[in-house]
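Have a look at the structure below before the remarks.
The values are calculated or read from the model by the stated rules, or taken from the named source; none is laboratory data. Model, not experiment: these values are computed from the prediction. Using ideal geometry, Cβ is built from the backbone for each residue, glycine included, and neighbour counts are taken over all protein chains shown. Side chains included, ligands, DNA and RNA excluded: accessible areas come from the protein's heavy atoms. Shrake-Rupley method; radii C 1.70, N 1.55, O 1.52, S 1.80 Å.
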Amino acid sequence: MLKRLKIQAEDMLRYNPAVRNLLASAILLKTPGKMAADSDEAARIIYKLCQAARLAATDSVILKAEAAIARQLPAIDPEHVPWAEFLPDFGQDRIHKAIVLKSYVSERERGVVFISFDSQMARLAKATDLKQFAERYTLVLSPSWSPPHSIASYLFPRLYPDSIFCLISNQRDLDLFPRISDKYRMVPLYASNWVDPRKYTAVAAAEKDIDILMVANFGKFKRHHAFFAALGDLPRNYRVVLVGQNEQGRTKETVLSEAEVFGVRDRFEIRQDVPYQELQELMARARTSLVLSRREGSCVVVVESMFANTPVAVYEDAEMGSRVFVNEHTGRLLRHDRVAAQLRNFVESSARYEPRKWVDENGVGCVASSQTLNRALKQHALASGGEWTEDIATLCWRPDPQYYDPQDAERLRPCYEEIEIRCGVGIAVP
């Protein structure tokens, strides 16, 4: 009981708005009020202030953190940011979560490169000729998290010589990114907009053999314990499957230990590092899918589940981008009280939902989303006096950026070598 109370108390404090504001304010108080003496010191201060902005629970505290960051930015030398100090994987040779969507056509018609996650964007700073890259390619960024305050989101635009097209992890990002830098040009698409519908074959409701599927890495923010607290009050005949991978030092054993604390270790199957095709099959076989995070980025698994025709339950107040896709057709918004009763009702009524039909009809998948991105890029190019004779390749996510059409992979393959030779930056071929 004491262990259970400790886990729940820590979780309550982690997400309590007053505690978050208090911790953010403490960081603000500890940081110097005047501009740093040199660029490295300014970068370290900005790194801490970004932590404060992500912690903050109210706009007033976020604005204070942003104002403090703005005081340090003039001290930054964008050519000499100590990226490796803040991003452990910065030293890798290639950008792995990226894809070329359009080849360079002419001086008036640039190509398009898509990069996901802040750390990958920062690796572009290693290019020996970033100016030539920007002259030949338009950059599209898919951010890591929301709120988006990070050392990369602030400092990379000061180095990059052109606009950056930016997707979102949360609706709030449409306002937050332009406050970080006026180089960001926002496109209201999520990381979860790139799901490939062809990869999911619906299973008839009567043939589904998993009652609840929870796909979540083993990180603390995924809040497995919240499910375990409810699982004890669910019918014992429910088949429950958990799928995940190690995260932030937490492992499968960590999750099993938490389940034992709540007395439900024998009530579910747990699978680690499941191949992507098998994961897609599990989603299709599930009657319901469950995500209990309170704060994270877009959360692709929400939309993946919907394309598998499996309705999804998330908290009604979750700070999670894909929550916008959860409605009466696609899933259930949970309250924080009586979770077990809500989940039981959700499982028993799961056959009435039609998530696949809704996401197909509302343009959530990768084909319609690629068209939306293409329109935004084309409109900007033409308004800027450029040309647009070639559209971007259709992008999908499995679970990294991929080509929807294999012919695009072959057609655009020479671009990767060209970028490395001309600009001195390696992008791994998907």
Exercise. By how many nm would the segment from LYS378 to LYS48 lengthen if fully extended, with 0.36 nm per residue of separation less the alpha-carbon distance?
Worked result: 115.0 nm
Exercise. In the chain, which cysteines lack any other cysteine Cβ under 4.7 Å from their own?
Worked result: CYS50, CYS166, CYS299, CYS415, CYS423
Problem set entry | Alpha-carbon Debye profile of the stretch 153-253, log10 I(q)/I(0) at 0.11, 0.21, 0.22 Å⁻¹ | -0.63, -1.10, -1.13
Problem set entry | Two-decimal log10 I(q)/I(0) for the chain, as the Debye equation yields it once each C-alpha is a single scatterer, q = 0.05, 0.09, 0.10 Å⁻¹ | -0.19, -0.61, -0.75
Exercise. Counting only protein heavy atoms, what percent of the accessible surface of the chain is carbon or sulfur at a 1.4 Å probe?
Worked result: 49 percent
Exercise. Once you charge only the Cβ atoms, +1 for Lys and Arg and -1 for Asp and Glu, what is the size of the charge dipole of the stretch 1-104 about its Cα centre, to the nearest 20 debye?
Worked result: 620 debye
Problem set entry | Span from the the stretch 26-100 Cα centroid across to the the stretch 228-258 one, whole angstrom | 35 Å
Exercise. What shape does the stretch 221-351 take by its C-alpha gyration tensor, where a ≥ b ≥ c are the square roots of the eigenvalues and a/c under 1.5 counts as rounded, a/b above b/c as prolate, and the rest as oblate?
Worked result: rounded
Problem set entry | the stretch 1-70 - accessible surface per residue (Å², probe 1.4 Å) | 59 Å²
For this session: Using only alpha carbon pairs under 8 Å that are at least six residues apart, calculate the relative contact order of the chain and give it in whole percent.
Result: 16 percent
Seminar exercise, completed: For the stretch 353-430, averaging the sequence separation of alpha carbon pairs under 8 Å that lie six or more residues apart and dividing by its residue count, the contact order in percent is 19 percent
Problem set entry | Surface accessible to a 1.4 Å probe, per residue, for the residues of the stretch 91-169, Å² | 29 Å²
Exercise. Once fully extended, how much extra length lies between ARG4 and GLN407, figured as 0.36 nm per residue of separation less the alpha-carbon to alpha-carbon distance?
Worked result: 139.7 nm
Exercise. By how many degrees, 0 to 90 and rounded to 10, does the Cα axis of helix 2-15 deviate from the longest principal axis of the chain?
Worked result: 40 degrees
For this session: Kindly report, to the nearest 10 Å², the accessible surface of GLU253 as traced by a 1.4 Å probe over protein heavy atoms only.
Result: 120 Å²
Problem set entry | Solvent-accessible ranking of MET306, MET12, largest area first, probe 1.4 Å | MET12, MET306
Problem set entry | Residue-wise HN-Hα coupling along the stretch 395-408, computed from phi with Karplus coefficients 6.51, -1.76, 1.60 (Hz; x: Gly, Pro) | 9, 9, 10, 8, x, 10, x, 9, 8, 5, 10, x, 5, 5
Problem set entry | Solvent accessible area, Å² - ASP337, 1.4 Å probe, full protein context | 80 Å²
Exercise. With θ set to phi - 60° and the Karplus curve 6.51 cos²θ - 1.76 cosθ + 1.60, what are the ³J(HN,Hα) couplings of the stretch 299-311 in order, to the nearest whole Hz, using x for Gly and Pro?
Worked result: 6, 5, 4, 4, 6, 4, 4, 5, 5, 7, 6, 10, x
Problem set entry | Of PRO401, PRO88, PRO197, the one that fluctuates the most in a GNM where the chain has Cα springs shorter than 10 Å | PRO88
Problem set entry | Cα centroid of the stretch 330-369 to Cα centroid of the stretch 120-134, whole Å | 41 Å
Exercise. Counting pairs of alpha carbon atoms under 8 Å apart in space and at least six apart in sequence, what relative contact order in percent does the stretch 160-274 give?
Worked result: 21 percent
